[in-house]
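The values are calculated or read from the model by the stated rules, or taken from the named source; none is laboratory data. Everything quoted here is computed from the prediction, not taken from an experiment. A quick note on method: Cβ atoms are made from the backbone with ideal geometry, for glycine too, and the neighbour counts reach across all protein chains shown. Heavy atoms of the whole protein, side chains included, go into the accessibility calculation; ligands, DNA and RNA do not. Shrake-Rupley method; radii C 1.70, N 1.55, O 1.52, S 1.80 Å.
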Amino acid sequence: MKKIIVSMALLAGAMVYAGGFRVSLQGVKQLAMAHTSAHAEDASVAFFNPAGISFIPEKFSFAAGGFGAKSEVEYQNLNTLYSAKTNSPLGTPIYAAVTYRPVEPLTLGFSFATPFGSTIEWGNDWAGKEMVQKMELKGFYFQPMFSVKVASWASIGASFIYAKGLVDWDKAITQLDGNLNLHDDKAHGNGWGLGVYLRPIDKLDLSIAYRSKVDMEATKGKATFKVSPALFSGIGLPANSGGVDGFKATLPLVDEYTVGATYKVTPKWSVSADFNYSGWSKYDKLTLDFDHALVGNQQDRTIMVTPKNFKDTKTYRIGTQYMVLPNLAARLGYYYDESPYADADFIPETPSFNSSVVTAGLGYKMGRFGVDVAGGMAFPKPRNVENAYYNFYGQAKAKALYFGLGLSYNAF
């Protein structure tokens, strides 16, 4: 039988509202101000900087929220004018955080968030079906943390990250007149975070944080070849296998440096800014190791290696808040997010674009309770598709919007 090479692209899906497959939706209040980080009013600061929890005014704080995220990506072959667009469902990332200060100067905290993941659906019969038909990714971060106030104006903090993930990926294998599903819901990995939070003067908050890379290891993945049973032996599978094989892979959820500041221009008006540096260059290739299937491109034909060639990215954010009333805040923000790859490495599983994003929101306080709403609109820059590895050429454009509702409570 003719050698079969399955065009493996990525073990994760992505949407267009962040570089790579990073999803910047971990705080509704923060999103309204361009997802900036130097905000220590409640427990929602925990994901952004573990040291920030020392500056939460109350001993106990809780924050939680959720988002709706909708995106659409369109591809067009400029020679034939063939086009296709995604029909992806609404993404619903969520977060929650709790902090408690048992004794000065120690504060403990826990954060749950979904910083990586999405679902993208291109359909079963489109030009890039051998790369992806449908892909779903869910990556959950569980972060216990502590922070110590080393001075009235400074704190340090650290967190441990346990990450658990799910991937479900469908793609066509036209050589076998079928398709392949890759599924794993037990992928996991560990990481850590460090932070410093400073308030040198009452008007100024400074946040410096680092979150490490997490290698998500899929060791018991299930690969299902939905092809004629007569073809099983040709790709190295037993006749009674049902087309099912195992696979192993590792996907890096990359590290991130963040420096942020919030300055109170007046008692009612504050301005925030952030700079993020993400280490996407660590994702230069993807290796899939099948148990038996001879669909790879190495000397050992059970191993498939595909180039990714991601590069490090920078994100610039600026936001503002104005207290319209003593208990009502109005917020605005803007950020610019870089794509982690060049046109020559464009892949439809992670259709990333250089994007400008505008955000806005409101916050209302009722005693110790806080309610926040936020929304955002992304304006991705259309880009050329020049991927020679997949012989995939054309142009891609996208649009995305998202909205969120958050609750917070500072008990005592």
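Some points to look at:
- Estimated dipole of the chain in Debye, rounded to 20 [Cβ of Lys and Arg +1, of Asp and Glu -1, Cα centre]: 680 debye
- Theoretical FRET efficiency, 1/(1+(r/R0)^6), r = Cβ-Cβ of L106 and T266, R0 35 Å, to 0.05: 0.55
- Pairs beyond 29 Å (Cα-Cα), from K29/K138; K203/K399; K264/K311: K203/K399; K264/K311
- When only alpha carbons of segment 81-167 are considered, Rg and Dmax amount to 20.5, 66 Å.
- Panel values: segment 41-129, Kirkwood radius from alpha carbon pairs, Stokes-Einstein at 4 °C and 1.567 mPa s, translational diffusion coefficient 80 µm²/s.
- In loop segments of segment 313-412 as defined by DSSP, the trypsin sites (Lys or Arg not before Pro) with at most 16 further C-beta atoms inside 10 Å of their C-beta are R368.
- For the chain, built as a Gaussian network whose Cα springs stay under 10 Å, the top-fluctuating residue of V150, V371, V385: V150
- The alpha carbons of the chain stretch over 73, 44, 31 Å along the principal axes, in descending order.
- Segment T92-L401, extension gain: residue separation times 0.36 nm, minus the distance between their alpha carbons: 110.0 nm
- Structure-based [θ]222 nm, the chain - -39500 (n - 2.57) summed over DSSP H runs of at least 4, per residue, nearest 500: 0 deg cm²/dmol
- Applying 0.36 nm per residue to the separation of F160 and K59 and subtracting their alpha-carbon distance, the gain on full extension is 34.2 nm.
- Cβ-Cβ FRET estimate between A342 and S152, R0 fixed at 51 Å, reported to 0.05: 0.60
- Here, segment 316-383 has an Rg and a Dmax of 16.8, 54 Å when only alpha carbons are counted.
- Residue list for segment 112-132, given a label point 7 angstrom along the Cα-to-Cβ vector of N391 and an amide N cut-off under 19 Å: 125-132
- Separation of alpha-carbon centers, segment 291-311 and segment 43-94, rounded to whole Å: 31 Å
- Of the accessible area of segment 189-250, computed with a 1.4 Å probe over protein heavy atoms only, carbon and sulfur atoms account for 57 percent.
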